[in-house]
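See below for the structure under consideration.
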Amino acid sequence: MVKLRPYFKFLFLIGFVLTVFSYSMFQGGFVSWFLFYSVMTVLVSTILIAIYPFRIDRLERLVSKDVLQVGEKLTLTITIHKRAFQPFFFVRVQDVIPRKLGNYKESGSLFFFSFQRRLVFSYTVYDVKRGSHTFEKLTMVFGDLFGLFERTSTINCETTVLVYPRFQKLKSIPANGSPRQLEGLQVMKSFEEDRSLAGVRQYVPGDRLTSIDWKQSARSAHLMTKEFESYQGEGIIVAFDSYCQPGSELMFEHSIELAASLVATFLEKQSPPRIAVRFHDWMSVSVTQRSVGQGLLLLAKAEPINQAVNIIDVIYRDWKGMHVYYVCSELNQQVVKACKTMLNQDVILTICMVSITDQDQIFLKQLEKLGVSVFMKNE
């Protein structure tokens with residue numbers, strides 16, 4: 001029945017024209033023939049405009065931000081530059097939004113006959129999700145007054161938006177030392193512990209109050225802040241394991257936020273880390289204040305994988321002598337064996353998790369026996 005609907009429209013239109021023509025023939029007079037010729041003019045114009053190809057000079061998609069954080073809103077503005085003489089009855093423009101980008105009410109607009117050379121509309125996507133999202137195309141549907149002709153045109157217009165994970169500065173992080181007791185959920189040492197004093201300088205807003213050297217401040221009549229050497233003197237690596245079982249996607253996202261928070265906290269304390277993210281293979285990059293976006297980009301692109309971490313991997317050799325903060329959403333026997341391999345490579349290892357399940361408790365006991373520190377950030 002749906003396939004026959006266009007034919008019913010044609011039959012109705014032909015019947016309507018014959019009715020108007022018959023009325024003009026039998027009724028006669030100016031009004032009758034004026035009605036007939038008006039209908040024919042509109043009909044012929046509809047056919048000609050439907051046949052005439054719609055051409056545009058260029059298409060623009062402007063975004064309010066090309067780099068966002070999870071939960072923010074994104075406003076997009078679509079501008080279609082058409083040619084000076086480009087007749088149309090109506091055109092329906094629809095932007096194709098990447099899957100998983102966020103929530104939106106409408107991503108298109110309907111334009112009727114207009115002499116303007118620019119067709120502009122905007123829409124907003126709320127609560128954007130983490131990832132690298134690419135808008136690839138935009139569809140335009142053209143029609144006539146009677147709904148007889150309808151053409152669809154697809155225009156390619158790529159726009160990429162990066163949504164970084166949400167992160168926060170942690171007040172304290174786990175330091176190298178003995179594992180925490182499972183009953184004490186958040187045993188953490190401050191950054192100033194286990195670091196050697198390198199000197200003092202004048203206090204600037206934003207410095208930690210615990211770093212103020214009160215004796216030097218009293219002597220100089222100005223607040224003086226202690227400066228420490230790099231954290232524990234070793235290289236720091238924040239490693240994120242993308243393994244995730246189906247149904248644990250929310251915990252996976254929280255774990256990514258924990259990894260991003262660790263990176264941001266280390267950078268604030270002048271201890272630039274390396275960040276490593278496991279896709280099918282490990283990818284790593286050094287992070288500084290200027291290149292923090294590269295590290296966050298790896299975390300933004302991370303997707304859950306169902307392949308457990310390799311027990312033996314060449315990258316563990318590169319981590320020799322470094323302090324690795326291994327962030328994961330869940331534990332399994334493969335992680336325990338991989339940690340044992342890292343310890344054999346003289347890696348200082350800390351497991352970082354958002355929460356611990358009853359199943360994780362079993363593997364935690366094995367890790368503690370190996371001498372692995374465990375850090376859990378309560379949500």
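The values are calculated or read from the model by the stated rules, or taken from the named source; none is laboratory data. A quick note: this is a predicted structure, and the numbers were derived from the prediction, not measured. We place every Cβ from the backbone using ideal geometry, glycine too, and count neighbours over all the protein chains shown. Side chains are part of the model used for accessible areas, which takes the heavy atoms of the whole protein and leaves out ligands, DNA and RNA. Shrake-Rupley method; radii C 1.70, N 1.55, O 1.52, S 1.80 Å.
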Set LYS269/LYS301; LYS301/LYS369; LYS100/LYS269 screened for pairs whose C-alpha atoms are more than 31 Å apart: LYS301/LYS369; LYS100/LYS269
Segment 271-355 shape via C-alpha gyration tensor axes, a/c threshold 1.5: oblate
Phi-based couplings in Hz for segment 297-305 (Karplus 6.51, -1.76, 1.60; Gly and Pro marked x): 5, 4, 5, 5, 8, 5, 10, x, 10
Gained length - ASP66 relative to ILE97, 0.36 nm times residue gap less alpha-carbon distance: 9.7 nm
Percent carbon-and-sulfur accessible area, segment 248-313, ignoring ligands, DNA and RNA, probe 1.4 Å: 54 percent
Förster-model FRET efficiency, 35 Å R0, ALA308 and GLU136, C-beta, rounded to 0.05: 0.55
Spin-label model distance (nm) - ARG151 vs HIS222, 7 Å beyond Cα toward Cβ: 7.4 nm
Accessible area of segment 264-379 divided out per residue, in Å², using a probe of 1.4 angstrom: 46 Å²
Paramagnetic reach from VAL42 in segment 102-140 [backbone N under 12 Å; point 7 Å along Cα→Cβ]: none
Largest-first ordering by accessible area, 1.4 Å probe, given options VAL42, VAL263: VAL42, VAL263
Efficiency of FRET from Cβ geometry, MET25 and PHE279, R₀ 51 Å, rounded to 0.05: 0.10
By accessible area with a 1.4 Å probe, ligands and nucleic acids excluded, highest first: order of TRP319, TRP282, TRP33, TRP214: TRP214, TRP33, TRP282, TRP319
Nonlocal amide H pairs with VAL327, under 5 Å, H built at 1.01 Å: ALA239, PHE240, ASP241, CYS352
